[in-house]
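Some notes on the structure that comes next.
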Amino acid sequence: MRAWAAVSERFSLTSEDEADTGLDAARDALARGELVVLPTDTVYGLAADAFEPSAVDRLRTAKGRGRSMPPPVLVASPTTLDALATAVPLYVREMVEELWPGPLTLICNQQPSLSWDLGDARDTVAVRMPDHPHALALLKQTGPLAVSSANLTGQPPADDVDAAQDMLGDAVAVYLDGGPASGGPASTIVDVTREPPRMLREGSIDLATLRRFHPDLEDPDGQGPDDVDEDVDPDDDGDDADTGSDARPTAADEVPDWRTNDLEDEDDDDDDEDDDEDTAPAGPGRPAGS
């Protein structure tokens, strides 16, 4: 398998004919284990076949990152969640029903039968359904994709395809140009592998919205709705705050870095009844319906 695409192709998604050609080219490139840049509802994403370890490794190499930051997985339908995650609680299903497609990434316990290697994910998977028509159209053809932000590690996420191409060059086989990214907030990330669940990053969806589904959901500092930090003096103006080694760790200190620092991540028209179906065929090691 080639390390890089011989020649990158670029397609505009603003023309219906070219969009169809571009989506077909992207599907074929992903099937060959190559990389694709595509627009999402947040920023541009760098996509690889989630079930092809060499493709996921190629994604990490292109970005300049290691196995400690596995990419999230984007899906075309809420029904795919059960194919990727196990022991999904009722409140998570209610979140998904109301908030997907959209900027909500869920950290779930992954199905043990999955034949993939996203990196050092500790038997978890970050899953999101993007609210972008072309991203969903591609996902319906390919099944779940490993998608990270289309940038070099340490650089700002790409807000248009030119920025992505400047950084990633011929490491990508197909660039899908959907115009400027929305520029909106990143997705909100929630760890639902624990009880109570915890917000790891607040993005477009705020804490109050999430607590409608689980009242005890913790904020990024591990605080529930009724928690009070006993170490904080209400009359203290904060000038003498403890910054030494005994200071209470934040949630970011207690979870793998990839959960809080990846994609932007990492959304379509709900009027089309086919949006509820993930129609890509199953293959070896893939969940049925993916």
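The values are calculated or read from the model by the stated rules, or taken from the named source; none is laboratory data. From a predicted model like this one, the values you see are computed outputs, not experimental measurements. Every residue, glycine among them, receives a Cβ derived from its backbone with ideal geometry; neighbour counts consider all protein chains shown. Side chains are part of the model used for accessible areas, which takes the heavy atoms of the whole protein and leaves out ligands, DNA and RNA. Shrake-Rupley method; radii C 1.70, N 1.55, O 1.52, S 1.80 Å.
List of remarks:
- Simple spin-label estimate for Asp221 and Asp117 gives 4.1 nm between the two label positions (7 Å along the Cα-to-Cβ direction from each Cα).
- Label point distance in nm, Ser54-Ser68, each placed 7 Å from Cα along Cα→Cβ: 2.8
- Å² of accessible area per residue within the stretch 1-108, as computed with a 1.4 Å probe and no ligands counted: 37
- Carbon and sulfur %, accessible surface of the stretch 1-67 computed with the full protein complex present, 1.4 Å: 47
- For q = 0.13, 0.25, 0.29 Å⁻¹, Debye-computed log10 I/I(0) when each Cα of the stretch 155-212 counts as one equal scatterer: -0.54, -0.96, -1.16
- Across the stretch 213-219, computed HN-Hα scalar couplings (Karplus, 6.51 cos²θ - 1.76 cosθ + 1.60, θ = phi - 60°) run 8, 8, x, 9, 4, 8, 7 Hz from first to last residue, x flagging Gly and Pro.
- Pairs of C-alpha atoms in the stretch 12-53 farther apart than 15 Å represent 47 percent of all such pairs.
- Using alpha carbons only, the radius of gyration of the stretch 40-141 set against its Kirkwood radius gives Rg/Rh = 0.94.
- Using the Karplus relation 6.51 cos²θ - 1.76 cosθ + 1.60 with θ = phi - 60°, the per-residue 3J(HN,Hα) values for the stretch 169-180 come to x, 7, 5, 10, 7, 9, 10, 9, 9, x, x, x Hz, with x marking Gly and Pro.
- Peptides 133-143, 211-221, 41-51 ranked from most to least packed by the mean count of surrounding Cβ atoms within 10 Å: 41-51, 133-143, 211-221.
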